[in-house]
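*Asks:* To start, I am sharing the structure in question, which I have written as C-alpha coordinates.
The values are calculated or read from the model by the stated rules, or taken from the named source; none is laboratory data. This one's a predicted model, so the numbers in the text were calculated from it and none came from an experiment. Glycine also receives a Cβ, built like all others from the backbone with ideal geometry; neighbour counts cover every protein chain displayed. Ligands, DNA and RNA are stripped out before the accessible areas are found, and what is left, the full protein with its side chains, is counted by its heavy atoms. Shrake-Rupley method; radii C 1.70, N 1.55, O 1.52, S 1.80 Å.
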Amino acid sequence: MNAETEPAHERIERPSMVQLFRFSAVTWNAHRVHFDRDHARAEGYPDVIVHSHLLGSFMGRLVTDWLPERSRLRELSWRNRRPAIVGDEIICRARFSDSGTAGQSRIVLEEVSRNGELIAEGLAIVDQLSIRERNPKR
Amino acid sequence: MSRLANPSPHQLEELVRKAKGASHPPVDEVLGEIVSTNTRRFAVAIGDNNPIFHQVAVARTAGYADLLAPPTFVTSVVSWQAGPESQELRADGAMADPFLGAVFPGLRLMGAGQSIRFIESPVAGMQLRRRTAFLDATLKHGRSGSFALVAVQRTFDDERTGQRVIDCREEYIVR
(Lines give C-alpha, C1' and ligand atoms only; values in the text may rest on other atoms or scores of the structure.)
Protein backbone atom coordinates (compact mmCIF):
# COMPACT_ATOMS: atom_id res chain seq x y z
CA MET A 1 0.00 0.00 0.00
CA ASN A 2 1.12 3.52 -0.69
CA ALA A 3 0.00 6.03 1.94
CA GLU A 4 0.44 8.94 -0.47
CA THR A 5 -2.05 7.59 -2.96
CA GLU A 6 -4.63 6.32 -0.51
CA PRO A 7 -7.76 8.26 0.31
CA ALA A 8 -7.99 10.06 3.61
CA HIS A 9 -11.06 10.64 5.71
CA GLU A 10 -11.92 13.65 7.87
CA ARG A 11 -14.68 14.71 10.25
CA ILE A 12 -15.08 17.80 12.37
CA GLU A 13 -16.39 17.39 15.90
CA ARG A 14 -17.47 20.22 18.17
CA PRO A 15 -18.32 18.63 21.54
CA SER A 16 -20.99 20.57 23.39
CA MET A 17 -21.73 20.74 27.12
CA VAL A 18 -24.71 18.43 26.49
CA GLN A 19 -22.51 15.90 24.71
CA LEU A 20 -19.98 15.93 27.57
CA PHE A 21 -22.81 15.48 30.07
CA ARG A 22 -24.27 12.54 28.17
CA PHE A 23 -20.86 10.91 27.81
CA SER A 24 -20.23 11.31 31.55
CA ALA A 25 -23.66 9.82 32.27
CA VAL A 26 -23.41 6.82 29.98
CA THR A 27 -19.92 5.94 31.24
CA TRP A 28 -20.93 6.63 34.88
CA ASN A 29 -18.01 9.04 35.17
CA ALA A 30 -18.53 11.74 37.81
CA HIS A 31 -15.17 13.48 37.30
CA ARG A 32 -16.03 17.15 37.71
CA VAL A 33 -13.53 18.47 35.17
CA HIS A 34 -16.04 17.32 32.52
CA PHE A 35 -19.16 19.11 33.76
CA ASP A 36 -18.32 21.58 36.54
CA ARG A 37 -16.92 24.79 35.07
CA ASP A 38 -15.78 26.22 38.44
CA HIS A 39 -13.99 23.02 39.29
CA ALA A 40 -12.33 22.83 35.87
CA ARG A 41 -11.10 26.40 36.28
CA ALA A 42 -9.78 25.59 39.76
CA GLU A 43 -7.71 22.86 38.12
CA GLY A 44 -6.28 25.42 35.72
CA TYR A 45 -8.37 24.77 32.58
CA PRO A 46 -10.20 27.58 30.78
CA ASP A 47 -13.45 25.56 30.84
CA VAL A 48 -14.63 21.96 31.19
CA ILE A 49 -12.45 19.52 29.29
CA VAL A 50 -13.38 16.81 26.81
CA HIS A 51 -12.97 13.25 28.12
CA SER A 52 -9.92 11.38 26.88
CA HIS A 53 -12.30 8.50 26.10
CA LEU A 54 -14.53 10.76 24.01
CA LEU A 55 -11.53 11.87 21.96
CA GLY A 56 -10.72 8.18 21.48
CA SER A 57 -14.34 7.51 20.57
CA PHE A 58 -14.19 10.17 17.85
CA MET A 59 -11.24 8.26 16.40
CA GLY A 60 -13.09 4.97 16.67
CA ARG A 61 -16.06 6.49 14.89
CA LEU A 62 -13.83 7.82 12.12
CA VAL A 63 -12.52 4.31 11.48
CA THR A 64 -15.76 2.34 11.77
CA ASP A 65 -17.60 4.90 9.62
CA TRP A 66 -15.01 4.51 6.92
CA LEU A 67 -14.73 0.75 6.74
CA PRO A 68 -17.10 -1.68 5.09
CA GLU A 69 -19.34 -3.52 7.55
CA ARG A 70 -17.67 -6.88 7.11
CA SER A 71 -14.21 -5.58 7.97
CA ARG A 72 -12.96 -5.89 11.52
CA LEU A 73 -11.19 -3.40 13.77
CA ARG A 74 -8.34 -5.24 15.52
CA GLU A 75 -6.60 -2.47 17.44
CA LEU A 76 -7.28 1.14 18.34
CA SER A 77 -4.88 3.32 20.29
CA TRP A 78 -4.56 7.01 20.96
CA ARG A 79 -2.53 9.37 23.08
CA ASN A 80 -3.74 12.74 24.26
CA ARG A 81 -1.28 15.55 23.65
CA ARG A 82 -3.21 18.55 24.99
CA PRO A 83 -6.64 19.05 26.56
CA ALA A 84 -9.62 19.84 24.34
CA ILE A 85 -12.16 22.25 25.80
CA VAL A 86 -15.94 22.15 25.43
CA GLY A 87 -16.99 23.90 22.21
CA ASP A 88 -13.57 23.48 20.58
CA GLU A 89 -13.55 22.51 16.94
CA ILE A 90 -11.69 19.21 16.66
CA ILE A 91 -10.60 18.13 13.20
CA CYS A 92 -10.34 14.32 13.15
CA ARG A 93 -8.32 12.79 10.33
CA ALA A 94 -7.56 9.26 9.20
CA ARG A 95 -5.30 8.05 6.43
CA PHE A 96 -4.15 4.64 5.35
CA SER A 97 -0.50 3.98 6.08
CA ASP A 98 1.83 1.29 4.89
CA SER A 99 0.86 -2.34 5.32
CA GLY A 100 0.80 -3.73 8.78
CA THR A 101 1.44 -7.37 9.44
CA ALA A 102 0.16 -9.92 6.95
CA GLY A 103 -3.51 -9.49 6.23
CA GLN A 104 -3.84 -6.23 8.14
CA SER A 105 -3.74 -2.51 7.34
CA ARG A 106 -2.75 0.46 9.47
CA ILE A 107 -4.71 3.69 9.71
CA VAL A 108 -2.95 6.74 11.15
CA LEU A 109 -5.24 9.00 13.18
CA GLU A 110 -4.93 12.51 14.49
CA GLU A 111 -7.09 15.20 16.08
CA VAL A 112 -6.04 18.81 15.71
CA SER A 113 -7.46 22.15 16.73
CA ARG A 114 -8.52 24.88 14.30
CA ASN A 115 -5.03 26.35 14.86
CA GLY A 116 -3.37 23.10 13.88
CA GLU A 117 -2.33 22.16 17.42
CA LEU A 118 -2.17 18.41 17.98
CA ILE A 119 -4.82 17.28 20.49
CA ALA A 120 -4.42 13.51 20.11
CA GLU A 121 -2.75 11.05 17.81
CA GLY A 122 -3.62 7.44 17.25
CA LEU A 123 -3.42 4.29 15.21
CA ALA A 124 -5.94 1.68 14.13
CA ILE A 125 -5.22 -1.76 12.75
CA VAL A 126 -7.90 -3.33 10.59
CA ASP A 127 -8.23 -6.37 8.39
CA GLN A 128 -6.51 -5.57 5.14
CA LEU A 129 -8.84 -4.16 2.52
CA SER A 130 -8.73 -3.85 -1.20
CA ILE A 131 -8.71 -0.33 -2.66
CA ARG A 132 -12.28 -0.77 -3.92
CA GLU A 133 -13.48 -1.42 -0.37
CA ARG A 134 -11.94 1.69 1.12
CA ASN A 135 -14.77 4.09 0.59
CA PRO A 136 -16.76 5.94 3.20
CA LYS A 137 -20.13 4.29 3.65
CA ARG A 138 -21.89 7.51 4.40
CA MET B 1 -12.97 28.01 44.33
CA SER B 2 -9.22 28.42 44.63
CA ARG B 3 -6.88 26.93 42.12
CA LEU B 4 -5.45 23.58 43.23
CA ALA B 5 -1.77 23.54 44.14
CA ASN B 6 0.62 21.50 42.10
CA PRO B 7 2.86 19.04 43.94
CA SER B 8 6.52 19.90 43.74
CA PRO B 9 8.69 17.87 41.34
CA HIS B 10 10.35 16.37 44.40
CA GLN B 11 6.99 15.26 45.88
CA LEU B 12 5.96 13.74 42.54
CA GLU B 13 9.28 11.96 42.24
CA GLU B 14 8.80 10.50 45.70
CA LEU B 15 5.27 9.31 44.87
CA VAL B 16 6.46 7.70 41.64
CA ARG B 17 9.27 5.97 43.49
CA LYS B 18 6.80 4.62 46.07
CA ALA B 19 4.37 3.52 43.36
CA LYS B 20 7.07 1.61 41.52
CA GLY B 21 8.28 -0.05 44.70
CA ALA B 22 4.90 -1.00 46.14
CA SER B 23 3.07 -4.25 45.61
CA HIS B 24 -0.16 -3.78 43.64
CA PRO B 25 -2.23 -6.97 43.57
CA PRO B 26 -4.47 -7.04 40.48
CA VAL B 27 -8.15 -6.26 41.00
CA ASP B 28 -10.75 -8.65 39.57
CA GLU B 29 -14.35 -7.56 38.98
CA VAL B 30 -17.43 -9.16 37.51
CA LEU B 31 -18.82 -6.45 35.23
CA GLY B 32 -22.01 -8.17 34.11
CA GLU B 33 -23.74 -8.03 30.78
CA ILE B 34 -23.16 -5.71 27.85
CA VAL B 35 -26.65 -4.23 27.68
CA SER B 36 -27.82 -3.03 24.27
CA THR B 37 -29.60 0.04 25.67
CA ASN B 38 -26.29 1.17 27.15
CA THR B 39 -24.28 0.57 23.96
CA ARG B 40 -26.93 2.40 21.91
CA ARG B 41 -26.88 5.30 24.37
CA PHE B 42 -23.10 5.36 24.16
CA ALA B 43 -23.33 5.53 20.35
CA VAL B 44 -25.82 8.40 20.65
CA ALA B 45 -23.57 10.20 23.15
CA ILE B 46 -20.59 10.08 20.78
CA GLY B 47 -22.81 11.09 17.87
CA ASP B 48 -22.47 7.79 15.99
CA ASN B 49 -25.55 6.77 14.01
CA ASN B 50 -23.88 3.85 12.20
CA PRO B 51 -26.69 1.24 12.05
CA ILE B 52 -24.30 -1.52 13.08
CA PHE B 53 -24.45 0.00 16.59
CA HIS B 54 -28.23 0.48 16.57
CA GLN B 55 -29.90 -2.32 14.61
CA VAL B 56 -29.45 -5.96 15.54
CA ALA B 57 -30.32 -7.11 12.01
CA VAL B 58 -27.58 -4.94 10.49
CA ALA B 59 -25.02 -6.24 13.02
CA ARG B 60 -26.03 -9.86 12.32
CA THR B 61 -25.77 -9.33 8.56
CA ALA B 62 -22.23 -8.05 9.16
CA GLY B 63 -21.40 -11.31 10.95
CA TYR B 64 -21.83 -10.39 14.62
CA ALA B 65 -23.78 -12.51 17.07
CA ASP B 66 -25.78 -9.54 18.33
CA LEU B 67 -25.73 -5.74 18.40
CA LEU B 68 -22.13 -4.52 18.17
CA ALA B 69 -20.84 -2.16 20.88
CA PRO B 70 -18.89 0.89 19.65
CA PRO B 71 -15.16 0.09 19.94
CA THR B 72 -14.48 2.34 22.93
CA PHE B 73 -17.59 1.38 24.92
CA VAL B 74 -16.15 -1.41 27.06
CA THR B 75 -12.98 0.48 28.01
CA SER B 76 -14.72 3.83 28.62
CA VAL B 77 -17.31 2.81 31.20
CA VAL B 78 -15.88 3.68 34.59
CA SER B 79 -18.26 1.71 36.78
CA TRP B 80 -20.36 -1.17 35.44
CA GLN B 81 -22.40 -1.77 38.57
CA ALA B 82 -24.19 0.82 40.71
CA GLY B 83 -20.83 2.25 41.74
CA PRO B 84 -19.82 3.84 45.03
CA GLU B 85 -21.93 6.32 47.00
CA SER B 86 -21.24 9.93 46.04
CA GLN B 87 -19.44 10.61 49.30
CA GLU B 88 -17.05 7.75 48.54
CA LEU B 89 -15.83 9.46 45.37
CA ARG B 90 -12.78 11.69 45.45
CA ALA B 91 -13.39 15.42 45.98
CA ASP B 92 -13.02 15.92 42.23
CA GLY B 93 -15.73 13.31 41.55
CA ALA B 94 -13.34 10.69 40.19
CA MET B 95 -13.51 7.09 41.40
CA ALA B 96 -11.07 6.20 44.16
CA ASP B 97 -9.18 3.83 41.87
CA PRO B 98 -7.17 1.27 43.85
CA PHE B 99 -3.92 2.37 42.23
CA LEU B 100 -4.42 6.01 41.39
CA GLY B 101 -6.34 6.87 44.56
CA ALA B 102 -4.17 5.09 47.07
CA VAL B 103 -0.82 5.89 45.53
CA PHE B 104 -1.49 9.43 44.34
CA PRO B 105 -4.05 10.75 46.84
CA GLY B 106 -5.59 14.14 46.13
CA LEU B 107 -3.68 14.78 42.93
CA ARG B 108 -5.23 15.89 39.67
CA LEU B 109 -5.99 13.17 37.15
CA MET B 110 -6.44 13.24 33.41
CA GLY B 111 -6.82 10.42 30.93
CA ALA B 112 -3.81 10.19 28.61
CA GLY B 113 -4.99 7.55 26.17
CA GLN B 114 -5.58 3.87 25.61
CA SER B 115 -4.24 1.05 23.45
CA ILE B 116 -7.09 -1.40 22.84
CA ARG B 117 -6.64 -4.80 21.23
CA PHE B 118 -9.81 -6.60 20.18
CA ILE B 119 -9.55 -10.38 20.35
CA GLU B 120 -13.33 -10.76 20.10
CA SER B 121 -15.86 -8.12 19.09
CA PRO B 122 -17.87 -6.92 22.12
CA VAL B 123 -21.56 -7.54 21.45
CA ALA B 124 -24.76 -7.18 23.46
CA GLY B 125 -25.45 -10.07 25.80
CA MET B 126 -21.80 -10.86 26.44
CA GLN B 127 -20.97 -11.24 30.14
CA LEU B 128 -17.66 -9.66 31.05
CA ARG B 129 -15.08 -9.95 33.79
CA ARG B 130 -12.31 -7.35 34.18
CA ARG B 131 -8.83 -7.57 35.70
CA THR B 132 -6.94 -4.34 36.38
CA ALA B 133 -3.21 -4.45 37.05
CA PHE B 134 -0.69 -1.71 37.74
CA LEU B 135 1.99 -1.57 35.05
CA ASP B 136 4.25 1.39 35.67
CA ALA B 137 4.65 4.97 36.83
CA THR B 138 7.11 7.39 35.24
CA LEU B 139 8.06 10.95 36.11
CA LYS B 140 7.80 13.29 33.09
CA HIS B 141 8.48 16.96 32.51
CA GLY B 142 6.08 18.71 30.13
CA ARG B 143 5.29 22.24 28.96
CA SER B 144 3.22 22.95 32.06
CA GLY B 145 5.48 21.28 34.61
CA SER B 146 6.21 17.85 36.01
CA PHE B 147 3.68 15.03 36.03
CA ALA B 148 3.53 11.29 36.56
CA LEU B 149 2.45 9.03 33.73
CA VAL B 150 0.74 6.00 35.26
CA ALA B 151 -0.07 2.93 33.17
CA VAL B 152 -2.54 0.18 34.03
CA GLN B 153 -3.54 -2.93 32.12
CA ARG B 154 -7.20 -3.87 31.89
CA THR B 155 -8.20 -7.21 30.45
CA PHE B 156 -11.80 -8.15 29.70
CA ASP B 157 -12.83 -11.80 29.46
CA ASP B 158 -16.09 -13.44 28.43
CA GLU B 159 -17.52 -15.02 31.59
CA ARG B 160 -19.28 -17.80 29.69
CA THR B 161 -16.45 -18.97 27.46
CA GLY B 162 -13.45 -17.78 29.45
CA GLN B 163 -12.09 -16.25 26.22
CA ARG B 164 -10.23 -12.94 26.23
CA VAL B 165 -12.31 -10.22 24.55
CA ILE B 166 -10.23 -7.06 24.97
CA ASP B 167 -6.76 -6.13 26.18
CA CYS B 168 -6.35 -2.47 27.07
CA ARG B 169 -3.37 -0.50 28.30
CA GLU B 170 -4.56 2.79 29.77
CA GLU B 171 -2.46 5.75 30.79
CA TYR B 172 -3.23 8.62 33.14
CA ILE B 173 -1.52 11.92 33.78
CA VAL B 174 -1.26 12.61 37.50
CA ARG B 175 -0.10 16.00 38.72
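*Asks:* Report in % the part of the accessible area of the protein assembly as shown that belongs to carbon and sulfur, leaving out ligands and nucleic acids; probe 1.4 Å.
*Replies:* 49
*Asks:* Which of the residues in segment A:68-86 show a loss of at least 50 Å² in accessible area from their chain by itself to the complete set of protein chains, at a probe of 1.4 Å?
*Replies:* Hits at the 50 Å² cut-off: A:E69, A:R72, A:R74, A:L76, A:W78, A:R79.
*Asks:* Helix B:9-21 sits at what angle to the longest principal axis of chain B, using alpha carbons and giving 0 to 90 degrees rounded to 10?
*Replies:* With rounding to tens, the tilt is 60 degrees.
*Asks:* Separate question: With each pseudo-label sitting 7 Å past Cα toward Cβ, what's the B:H24-A:E10 distance in nm, one decimal?
*Replies:* Output for this residue pair reads 3.9 nm.
*Asks:* Between B and A, buried accessible area summed over both sides at probe 1.4 Å, in Å² to the nearest 100? Show your work: numbers first, answer last.
*Replies:* On the way: alone 10260 and 8160 Å², together 14540 Å².
Result for this pair: about 3900 Å² buried.
*Asks:* Report which residues of segment A:40-62 become buried by 40 Å² or more of accessible surface when going from the isolated chain to the complete set of protein chains (1.4 Å probe; DNA, RNA and ligands ignored).
*Replies:* Those are A:A42, A:E43, A:Y45, A:H53, A:S57, A:R61, which lose 40 Å² or more relative to the chain on its own.
*Asks:* With every protein chain left in place and a probe of 1.4 Å, what is the accessible surface of B:E29, to the nearest 10 Å²?
*Replies:* About 60 Å², ignoring ligands and nucleic acids.
*Asks:* Just how far, in whole angstrom, is segment B:99-145 from segment A:23-87 if you go by their alpha carbon centroids?
*Replies:* Between the Cα centre of segment A:23-87 and that of segment B:99-145, the gap is 14 Å.
*Asks:* Using the heavy atoms of the protein chains and a 1.4 angstrom probe, tell me the accessible area per residue for segment B:93-171 in square angstrom. Spell out each step's value before the answer.
*Replies:* Working: 3230 Å² over 79 residues.
On a per-residue basis, segment B:93-171 sits at 41 Å².
*Asks:* Work out the mean other chain Cβ neighbour count within 10 Å for the residues of B:49-58 and drop it here as an integer.
*Replies:* Averaged over the peptide's residues, the number is 2.
*Asks:* In addition: Calculate how steeply helix B:36-45 sits against the longest principal axis of the alpha-carbon atoms of chain B, using the helix alpha-carbon long axis, and give the answer as 0 to 90 degrees to the nearest 10.
*Replies:* Compared with the principal axis, the helix lies near 60 degrees.
*Asks:* For every helix of n ≥ 4 consecutive DSSP H residues, a contribution of -39,500 (n - 2.57) applies; sum these over chain B, divide by its total residues, and give [θ] at 222 nm rounded to the nearest 500 deg cm²/dmol.
*Replies:* Helices in chain B give a 222 nm mean residue ellipticity of -5500 deg cm²/dmol.
*Asks:* Separate question: Considering only protein heavy atoms, what is the solvent-accessible area of B:T161 at a probe of 1.4 Å, reported in Å² to the nearest 10?
*Replies:* 90
*Asks:* Right, something else. Where does each of A:L73, A:L55 land when they are ordered by accessible area, with a 1.4 Å probe and the largest first?
*Replies:* If we order A:L73, A:L55 from most to least accessible, we get A:L73, A:L55.
*Asks:* Under a 5 Å amide H to amide H cut-off, with H placed in plane at 1.01 Å, what residues pair with A:R81 once short-range neighbours are removed?
*Replies:* Excluding prolines and chain starts, which carry no amide H, the hits are A:A120, A:E121.
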